[in-house]
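Values in this text are rule-based calculations from the coordinates and carry no lab data. Quick caveat, the model's predicted, so the values are computed rather than measured. With ideal geometry, Cβ positions are generated from the backbone for all residues, glycine too; neighbour counts draw on all protein chains shown.
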């Protein structure tokens, strides 16, 4: 089955620590996206990539970094510069003819 | 940044009733999409309507789009308890980065 996989499902970060969230897709989609969702809120775009080795900042990129070395993978690093990282993170991919396919999310908590 | 805004923020209805949610946006779009999210899960794509379409149906879902008013509505007919979820509209501008609204939280009481 084709799909998009996020891992881990739950992640705990200490103050000042960098953490990396994984997002892998086997849908052969060119475009991939990272969103942040706070409780009771909508999704805010962090970064997106429309092609390998290229990515663009979204609305709230500060404190985050990404890479797109392979078509299938779009990892998100939450750096120590992100002062309020506790949130639900969603990865999505998009092909040429359909809507977005979302992963099941990673819930990040600062401890 | 361009963003859809849903209205109402929350909606509570009885099973069997129809549920209508609205979405407004600010600038020209390529298409508009509706998604559903169960609590703590990822979003599931429901329906896409292109800017040159006015109405689209999928099962119990009916979506309308009025580009002159920059608005869309999602109608769920004969609602079921399993329809309880948050519903988001998302607008896709021509640069292909999708923006989402804050969503409508629908509760369908059995």
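Under a GNM of chain A (C-alpha, springs under 10 Å), which listed residue has the highest mean-square fluctuation: A:86, A:97, A:77?
Largest GNM mean-square fluctuation: A:97.
Report, for chain A, the % of DSSP beta bridges that are antiparallel, rounded to 5.
90
Evaluated at 25 °C with a viscosity of 0.890 mPa s, what Stokes-Einstein diffusion coefficient in µm²/s does the protein assembly as shown have when Rh comes from the Kirkwood expression over alpha-carbon pairs?
After rounding, the answer is 138 µm²/s.
Within 10 Å of each Cβ in peptide A:41-51, how many partner chain Cβ atoms are there on average? Round it to a whole number, please. Intermediate values should be presented prior to the final figure.
Details: counts 4, 14, 12, 4, 6, 0, 1, 4, 0, 3, 0.
Counting Cβ atoms of other protein chains within 10 Å of each residue's Cβ and averaging gives 4.
Label residue B:80 and residue A:109 with points 7 Å out from Cα along Cα→Cβ: what is the distance between them in nm?
So the two model labels end up 3.3 nm from each other.
Each label point is 7 Å from the Cα along the Cα-to-Cβ direction; what then is the distance between the points at residue A:15 and residue B:66, in nm?
Label at residue A:15, label at residue B:66, 5.2 nm between them.
May I ask you to derive the FRET efficiency for residue B:56 and residue A:27 from their Cβ-Cβ distance with R0 = 25 Å, giving the value to the nearest 0.05?
0.60
In a GNM of chain B with a 10 Å cut-off on Cα contacts, which of B:60, B:50, B:80 has the highest mean-square fluctuation?
B:60
Within a 10 angstrom radius of each residue's Cβ in B:34-44, how many Cβ atoms of other chains show up on average? Whole number is fine.
The per-residue average across the peptide is 5.
Could you list B:21, B:98, A:32 in order of exposure, starting from the residue whose Cβ has the fewest other Cβ atoms within 10 Å?
Taking fewest neighbouring Cβ atoms as first place, the list is B:21, B:98, A:32.
Name the most mobile residue of B:69, B:26, B:56, meaning the one with the largest mean-square fluctuation, in a Gaussian network model of chain B with Cα contacts below 10 Å.
B:69
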